[in-house]
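Take a look at the structure set out below.
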Amino acid sequence: MKKTIKTIVWCVVGLFVVYTFYFLWKQSQPEPEVYELITPQKRNICKSTVATGALSPRKQVDVKPQITGIITKVLVKPGQQVKVGQELVHIRVIPDMNQLNNAQTAIESAKIDLHEQQREWDRTKRLYEKGVVSTEEYQQAETRLKNAREKLAAAEAQFEVVTKGASKRSGNINTTIVSSPMEGMVLSVAVKEGSSVSATSAFSNGTTICTVADMSDVLFKGNIDETEVAQLRVGMPTTLVLGAMQDIKVPAQLEYIAPEGVAKNGITQFEVWAAAKIPENVTIRSGYSVNANIVTEEHKDVLSVEEVGVTFDGDSAYVYRLSSNPKDSTSQKWDRVPVQIGISDGIHVEITKGVNANDYLRGNKK
């Protein structure tokens, strides 16, 4: 009995030793490399480049006053739609003292001249009625009188312009009411009631009262690196991706490429414009940041694979084609096959020669 138990114990120990060696051997063996299988498929491949910039209206006007004064009433606010001729603000004139003094001096001078010409005409008329002076002299005196009257009227009109912003001679023109020069949206209002504004002149740009823009006609304006600008042509289709609305893709068309680049931070960039076609249900705001994907080349319905399935060796491209049973993932075998590639969109690459749609190719390692 004891001998039997002893034999069983030694057998158990022997089995344990054998299992231990087998386990250690198994652990020392490398695990088989298993890769995902990918298959070539027909796709549309678009090669594109990206320009960064912002949206801005094609037509935008900074409204400035024609007189210097104080804002008494603001009739619009940002975001409001306005029509041509709609009143924006009212201005109370604050006359310039030099202009006021000059206007008053001009009136006094014109009155003196008119009084002199009136007296001269009266004297000439009496002499003309007596037949002492000729008709020509009488007509000349009458012309000088009319000129003096016109000079006084002009001086008084100028005085009204300086003190009131308009004159009776100007008819319906009223510079104290600033109106919109175009139909569009008020983007910003830079003044408030009580603000001082200055008129535009040869020496001053004047105060901007508000900015009006036509938001129905929007442009993308951006910059692109000099290494990619040679691929662009006017008329290329473009897709705008708005920074504020990533899920909305706005179609556009490239319409301008700057003929001269500008160096920024050591990199030469060229300005590009694209006309955006805004969908009806999308509200656009001026200044939205945008990435413009400009399609430089497109191949439709071509055989392609994921870029991870293509290996590059110098100027040559290769794929690894499965030569074993696709259902057996533990003992995959591969053949290195040279291929010719076309364009790439960064995710998929076109295969023009080397594989077909029935091949299984090596993808990422599992």
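The values are calculated or read from the model by the stated rules, or taken from the named source; none is laboratory data. Being a predicted model, the structure only gives us computed values, none of them experimental. Note: ideal-geometry Cβ built from the backbone for every residue, glycine included; neighbour counts use all protein chains shown. SASA here: full protein model, heavy atoms, side chains in, ligands and nucleic acids out. Shrake-Rupley method; radii C 1.70, N 1.55, O 1.52, S 1.80 Å.
With open to solvent by 70 Å² or more (accessible area, probe 1.4 Å), among the hydrophobic types (A, V, I, L, M, F, W, C), within 17 Å of residue 51 (Cα to Cα) and touching a helix residue (DSSP H, G or I) at 6+ places or on another chain (Cβ under 9 Å) as the only criterion, which of 294, 347, 267 stands out?
267
Scan the strands (runs of 3 or more DSSP E) fully inside segment 249-366 and keep the ones with 2 or more residues being not aliphatic (A, V, I, L, M).
Where strands (runs of 3 or more DSSP E) fall fully within segment 249-366 and carry at least 2 residues being not aliphatic (A, V, I, L, M), they are 249-257, 267-276, 289-306, 311-313, 316-322, 334-344, 348-353, 361-365.
Out of segment 314-333, which residues are touching a residue at least 24 places away in the same chain (Cβ under 8 Å) and surrounded by 11 or more Cβ atoms within 10 Å (Cβ to Cβ)?
The answer is 317, 319, 320, 321, 322, 329, 332.
Given 47, 83, 59, which one is farther than 30 Å from residue 158 by Cβ, under 44 Å from the mean Cα position of the chain (by Cα) and at pLDDT below 90?
Going through 47, 83, 59 in turn, the sole match is 47.
Please go through segment 218-248 and pick out each residue that is part of a strand (DSSP E or B), within 15 Å of residue 269 (Cβ to Cβ) and open to solvent by 30 Å² or more (accessible area, probe 1.4 Å).
221, 223, 225
Given the options 264, 249, name the one that is of a type outside the set (Ser, Thr, Tyr) and under 15 Å from residue 293 (Cα atoms).
Criteria check complete, one pass: 249.
Which pairs do you get when a residue that is closer than 23 Å to residue 347 by Cβ and of a type in the set (A, V, I, L, M, F, W, C), found in segment 34-60, comes within reach of a residue that is outside any strand (DSSP E or B) and open to solvent by less than 40 Å² (accessible area, probe 1.4 Å), reach meaning Cβ atoms under 6 angstrom, with the pair 6+ apart or on two chains?
38/309
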